[in-house]
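Engineer: The following block contains the structure, expressed as C-alpha cells.
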Amino acid sequence: MSNVSVPVSSRSVTPSFKAYDHPRLLAVANQKGGVGKTTTAINLATALSAVGKRVLIVDLDPQGNASTGLGVRRSMIRVSSYDVLFGDTSVEDAAVKTKVPRLSIVPSSVHLSGAEIELVTAHNREYRLRDALRRPLMGKDGPYDYVILDCPPSLNLLTLNALVAVDSVIVPLQCEFYALEGLSHLTKTVERVRKQFNPRLDIHGVVLTMYDQRNNLTAMVERDVRQFFGDKVYKTVIPRNVRLSEAPSYGLPAIVYDMKCAGAQAYIHLASEVIKRERQIKKALIAA
Ligand SMILES: Nc1ncnc2c1ncn2[C@@H]1O[C@H](COP(=O)(O)OP(=O)(O)OP(=O)(O)O)[C@@H](O)[C@H]1O
Ligand SMILES: [Mg+2]
C-alpha cells in the first residue's frame, strides 16, 4: 500500500480486539479492477434493505459506478463522499435516498480522483473517514444498520481510509489465474491495517463472483481458495449473469430490475449468509 510502511505479521485474520458496534461498517474491497465490487455492494445492500435493514452505501470510487448504478446522476450530486472525507459536510447531509426503500447512498464525485494527493498532506489522513462516519452514525438509535463502502480498484489512501473505518471487509473474487496472489496481497494489507490503525478489522468473507461452473479454471481456483480460506469463503457463489450487468444502465439494482434472475437470487442468498455470520460474530463478541 502506498504511503504505509508497516511490518507484515503472519497472524491469522482474526483480530485481537473488536467491539460489536451499531451500525456495522463493511468495506467491499479488492485492488483488482472489474471483479464485481460495485455489483456486490449494490445488490448486497439492496437485499439487506429488502429484509428490513436500513442501509447506507458510501461510494468511494471516483468512477462513481455505485452512484449511477443506483440512479444517482452526476448532475444530481450536490455533495459527495469527497466532502464527507474532507469534513466539509456531514454524512447525514450527504446521504441521498434511492428508489429502494431503506437504502441511501453518499454518492461519489470526480473530485475524489484528486483526494489521494490531497490526503497525503492532510492531518489525520488515515482516520478521516472513520471519524466522519463512525461518530455521527453510532448507536442503536442511529439511522442505519449497515454502512457499506464501495472501494476503488487500488490499495490507495482512499481504500486505506475505508479499511480503517470499517469492522470487516467483504472481498469479491473472480476465479481467474492470479486470483489467489491478489487475495494474499489484500489479506496482508488487512493485517497491516489491523496492526497499525484498526484493531477491529477482520475479513468478513470472500465471495466468488462471475462464477462459471463449466470452466475448469473456476473449479481449480475455487478449490484452492476454499482450501486456503476455509469457511471465510461464503457458500454462495455469484454466477456470471447478464441481468447483473444490464441493471446498472437502468439505474437499478439487479434485485429490483429482475428479482428472479440467477444473479439477483444469488445476492439474496449472500445477504442471508452475511446476516447469519453477523449473528455469530455478535454472539462471539458478547461472550468474549
Ligand atoms: N456476476 C456477474 N455477471 C456478469 N457481469 C457481471 C457480474 N458482476 C459484475 N458484472 C459486470 O462486470 C463489470 C465489472 O463489475 P463491477 O463494476 O461490479 O466490478 P468492480 O470490481 O466494482 O469494478 P472496478 O474495479 O472498476 O470498480 C460491470 O460491467 C458489471 O456489470
Ligand atoms: Mg467498482
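The values are calculated or read from the model by the stated rules, or taken from the named source; none is laboratory data. All values reported here derive from a predicted model rather than from experimental measurement. Neighbour counts run over all protein chains shown; Cβ positions are idealised from the backbone, glycine included.
Engineer: Scanning for something in contact (Cβ under 8 Å) with a residue 24 or more places away in the chain, more than 16 Å from ligand 1 (Cβ to nearest atom), closer than 18 Å to L163 by Cβ and not aromatic (F, W, Y), does the stretch 57-76 turn up at least one residue?
Structural biologist: No - not one qualifying residue is present in the stretch 57-76.
Engineer: Still on this structure: Identify the single condition in (1) touching a Pro at 6+ places or on another chain (Cβ under 9 Å); (2) of a type in the set (G, A, S); (3) more than 16 Å from ligand 1 (Cβ to nearest atom); (4) in a helix (DSSP H, G or I) that S113 does not satisfy, given that it satisfies every other one.
Structural biologist: That leaves (3) as the condition not met.
Engineer: Answer yes or no as to whether R102 is in contact with a strand residue (DSSP E or B) (Cβ under 9 Å, 6 or more places away or on another chain), away from ligand 2 (no atom under 16 Å from the Cβ), basic (K, R) and more than 17 Å from R54 (Cα to Cα).
Structural biologist: So R102 fails the test.
Engineer: Same structure, new question: List pairs: first residue in the stretch 77-101 and touching a residue at least 40 places away in the same chain (Cβ under 8 Å) and surrounded by 20 or more Cβ atoms within 10 Å (Cβ to Cβ), second residue assigned to a helix (DSSP H, G or I) and polar (S, T, N, Q) anywhere in the structure, Cβ distance under 8 angstrom, at least six positions apart or on different chains.
Structural biologist: Close Cβ pairs (under 8 Å, with a partner that is assigned to a helix (DSSP H, G or I) and polar (S, T, N, Q)) amount to L85/N161; V100/T46; V100/S49.
Engineer: Filtering the stretch 29-52 down to residues that are farther than 14 Å from D150 by Cα and part of a loop (DSSP other than H, G, I, E, B), which residue is nearest to ligand 1 (Cβ to nearest atom)?
Structural biologist: If we take residues in the stretch 29-52 being farther than 14 Å from D150 by Cα and part of a loop (DSSP other than H, G, I, E, B), then V51 is nearest to ligand 1 (Cβ to nearest atom).
Engineer: Just a yes or no: is a residue in the stretch 274-284 within 20 Å of V35 (Cα to Cα) and either among the hydrophobic types (A, V, I, L, M, F, W, C) or within 12 Å of ligand 1 (Cβ to nearest atom) (or both)?
Structural biologist: yes
Engineer: Which is out of contact with any Leu (no Cβ under 8 Å at 6 or more places or on another chain), within 30 Å of E191 (Cα to Cα) and within 16 Å of ligand 2 (Cβ to nearest atom), of K32, K53?
Structural biologist: Answer to the check: K32.
Engineer: If you don't mind, there's one more thing I want to ask. Would it be correct to say that A247 is more than 18 Å from the chain's Cα centre (by Cα), in a helix (DSSP H, G or I), closer than 25 Å to R102 by Cβ and not hydroxyl-bearing (S, T, Y)?
Structural biologist: yes
Engineer: Right, L155: among the aliphatic types (A, V, I, L, M) and modelled with pLDDT of 95 or more or not?
Structural biologist: no
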